[in-house]
Amino acid sequence: MACLVCIDTSAVGINQWCGKFSHISYPGLNWVCWPFQTVASVSTKVMPIDVTTQTKTKDNVTLTVRSSIQVSVDPAKADQYYFRLSNPHLQVTAHVDDCIRSALPALNLDEAFESKESMANDIKATVGTSMEPYGLIVHKALVTDMQADPSVLAAMNEINASRRQRDAAVERAEAEKILAVKAAEAEAEAKELSGIGVAKMRQAIMAGFKGSIDSMSKECGLEPREIVHMVLVTQYLDVLKDFAQSGKATMVIPHGPSAVSDMETQVRNGFMQASMLGPNTMQ
């Protein structure tokens, strides 16, 4: 008895005549001679096959690798898929496990995480070549996740934290070094400028003394030594006056009616001793 069979767009039909494969029926309306002829539908949609693989790396770290293989049935080889495969999921899983377990043991943990893309390409090539005779097409292989043991992850995080702390310490040390160098340069420049200022101040004082001595010598007829004595006494009295007016500190010095004469005598003796020392004696 002739019957009509509709094949869906996303499938093909496996025709059998009395149990023997006859031909492949494609989407649309198909005639069959029932009960001698039967049609079995085979989907050609893309199917994800999720695989979880446990393996070890070169540095003896246990990894759990999750991958997803996107496969579909080749319409032209649907008969091979239908008659030769009993459990496509297990077949694909076995090939994925073999590929991953042959690649990861040659890599350490860091290299394993860096090689996800190349590993996915290897899985696609290996599984695609192995499953092609059975009518399966591998469209995409994805390594979706890699998980190490929690203790290993904690150790890795600690190592990364220590490395970052070490880098931060180096950067802080470099910054402190730069600050110290700049501070030393600033101090050196400040001392240089201070020395220049002191030298100019002393030159101005000497020029003022010279002008005062010349003026008093001409107008008063005093000797230079007498003028120096008088200037020193005057400066001594000015210092005592300024110190008393400041009121910020206390200084105890011997002072009496003869203090000025004593200081003048000491200055005079100093000049006399200096004049008595000749150039040869100074050397």
Inside region 143-180, can you point out the residues that are under 30 Å from Thr44 (Cβ atoms) and either open to solvent by 70 Å² or more (accessible area, probe 1.4 Å) or not in a strand (DSSP E or B) (or both)?
Thr144
From the list Val198, Val239, Val260, which residue is at pLDDT below 70 and of a type outside the set (S, T, N, Q)?
Val260
Among the residues of region 7-37, which ones are open to solvent by 60 Å² or more (accessible area, probe 1.4 Å), at pLDDT below 85 and either assigned to a strand (DSSP E or B) or within 21 Å of Val71 (Cα to Cα) (or both)?
Leu29, Trp31
Has region 99-119 got any residue that is out of contact with any helix residue (DSSP H, G or I) (no Cβ under 8 Å at 6 or more places or on another chain), farther than 26 Å from Leu63 by Cα and part of a helix (DSSP H, G or I)?
no
Note on region 206-220: residues within 15 Å of Leu232 (Cα to Cα) and open to solvent by 80 Å² or more (accessible area, probe 1.4 Å) are Met206, Lys210
For Lys56, are the conditions met, namely being under 50 Å from the mean Cα position of the chain (by Cα), within 30 Å of Arg101 (Cα to Cα), open to solvent by 80 Å² or more (accessible area, probe 1.4 Å) and in contact (Cβ under 8 Å) with a residue 40 or more places away in the chain?
yes
Please work out which one of (1) buried (at least 17 other Cβ atoms within 10 Å of the Cβ); (2) more than 18 Å from Pro48 (Cα to Cα) is the condition Lys116 fails and give its number.
(1)
Going through region 125-142 one residue at a time, which ones are touching a residue at least 12 places away in the same chain (Cβ under 8 Å), open to solvent by less than 60 Å² (accessible area, probe 1.4 Å), within 30 Å of Asn108 (Cβ to Cβ) and of a type outside the set (A, V, I, L, M, F, W, C)?
Thr126, Ser130
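Against the definition (closer than 30 Å to Asp149 by Cβ, of a type outside the set (A, V, I, L, M), touching a residue at least 24 places away in the same chain (Cβ under 8 Å) and in contact with a Phe, Trp or Tyr (Cβ under 9 Å, 6 or more places away or on another chain)), how does Gln70 come out, yes or no?
For Gln70, the condition - closer than 30 Å to Asp149 by Cβ, of a type outside the set (A, V, I, L, M), touching a residue at least 24 places away in the same chain (Cβ under 8 Å) and in contact with a Phe, Trp or Tyr (Cβ under 9 Å, 6 or more places away or on another chain) - is not met.
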Considering region 59-98, residues that are among the polar types (S, T, N, Q) and assigned to a strand (DSSP E or B), and then whichever is most open to solvent (accessible area, probe 1.4 Å), we arrive at Thr62
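The values are calculated or read from the model by the stated rules, or taken from the named source; none is laboratory data. If you're wondering where the values come from, they're calculated on a predicted model, not measured in any experiment. Counting neighbours? That spans all protein chains shown, and the Cβs are built from the backbone with ideal geometry, glycine included. Keep in mind that these areas ignore ligands, DNA and RNA; they rest on the heavy atoms of the full protein, side chains included. Shrake-Rupley method; radii C 1.70, N 1.55, O 1.52, S 1.80 Å.
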